[in-house]
1. Considering SER76, SER58, which residue is among the polar types (S, T, N, Q) and more than 15 Å from PRO23 (Cβ to Cβ)?
2. Inspect all residues belonging to region 35-55 and state whether any of them is modelled with pLDDT of 95 or more, on the phi > 0 side of the Ramachandran plot and not basic (Lys, Arg).
3. From the residues in region 15-54 that are basic (Lys, Arg) and over 18 Å from the mean Cα position of the chain (by Cα), which one is least open to solvent (accessible area, probe 1.4 Å)?
4. Just to be sure before I move on: is GLN129 open to solvent by 80 Å² or more (accessible area, probe 1.4 Å) and either of a type outside the set (Ser, Thr, Tyr) or assigned to a helix (DSSP H, G or I) (or both) in the structure I sent?
5. When the residues of region 149-180 are narrowed to those that are touching a Phe, Trp or Tyr at 6+ places or on another chain (Cβ under 6 Å) and assigned to a helix (DSSP H, G or I), which ends up surrounded by the most Cβ atoms within 10 Å (Cβ to Cβ)?
6. Against the definition (part of a helix (DSSP H, G or I), modelled with pLDDT of 95 or more, more than 25 Å from CYS22 (Cβ to Cβ) and open to solvent by 80 Å² or more (accessible area, probe 1.4 Å)), how does LYS87 come out, yes or no?
7. Does region 39-49 contain any residue that is free of Cβ contacts under 8 Å to residues at least 40 places away in the same chain and farther than 14 Å from ASN74 by Cβ?
8. How many residues, within region 102-124, are open to solvent by 30 Å² or more (accessible area, probe 1.4 Å) and either in a helix (DSSP H, G or I) or under 19 Å from LEU154 (Cβ atoms) (or both)?
Amino acid sequence: WLLDDIKYCARSPNFRSDKDYCPRLSFRVASALLVQFDEESQKQGFEMLRSLAEKGYSDAMVYYGMCLNNGVANNSPDSDAAVSWFKRCADIYEHPQGQYELGVAFYTGEGVLEDEEEAVRLFKLASEQNHPAACYMLGDCLLDGIGVEIDRVLALEWLVRAAELGHRGARSRVMAVLEK
């Protein structure tokens with residue numbers, strides 16, 4: 001029945017007041033299909049996500065990249081293709097999740113040559129948009145001097161922000177730093 005909702009979403013009163021209604025609905029349906037246990041639903045969700053990504057729907061671009069990176073829906077992992085989607089989304093939309101995922105790729109060297117300075121730059125861009133995991137990674141890099149000069153004070157500021165934004169590991173990391 002959700003697929004029928006997508007088929008007729010342009011007739012919805014919601015569509016008349018919000019032109020992103022149909023892509024958002026399609027994204028939610030694709031996301032739901034991807035977490036189903038049967039392979040057919042996963043493949044259908046993956047294809048819906050690919051279609052949305054190719055149309056430039058930013059959330060789909062990032063999520064599609066994540067699916068490519070992880071090898072979802074019985075596909076082999078493809079970190080090179082994933083990075084291209086993260087980069088495209090980060091460049092076009094300055095999407096914080098796209099910036100974060102691209103930063104992780106540069107941090108780990110997965111799909112790109114490892115470049116810790118570029119990773120820190122991307123984590124900072126996403127952190128400035130209040131992305132919790134990016135705040136944590138930026139704080140962690142500042143604390144350990146990875147890709148940037150060590151700055152304990154600034155590191156704690158970013159780690160505290162990550163904790164305030166709900167990052168699970170940030171609070172314990174702050175406590176560990178303060179105990180030293």
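The values are calculated or read from the model by the stated rules, or taken from the named source; none is laboratory data. Everything numeric here is computed off the predicted structure, so don't read it as measured data. Glycine also receives a Cβ, built like all others from the backbone with ideal geometry; neighbour counts cover every protein chain displayed. Accessible surface areas use protein heavy atoms only, side chains included; no ligands, DNA or RNA. Shrake-Rupley method; radii C 1.70, N 1.55, O 1.52, S 1.80 Å.
1. SER76
2. Scanning region 35-55, I find no residue that is modelled with pLDDT of 95 or more, on the phi > 0 side of the Ramachandran plot and not basic (Lys, Arg), so the answer is no.
3. Per the stated criteria, the residue is LYS43.
4. In short, yes.
5. Here the answer is ALA162.
6. Taking the combined requirement at face value, the residue satisfies it.
7. Within region 39-49 (the criterion being free of Cβ contacts under 8 Å to residues at least 40 places away in the same chain and farther than 14 Å from ASN74 by Cβ), the answer is yes, since at least one residue qualifies.
8. Number satisfying all stated conditions: 9.
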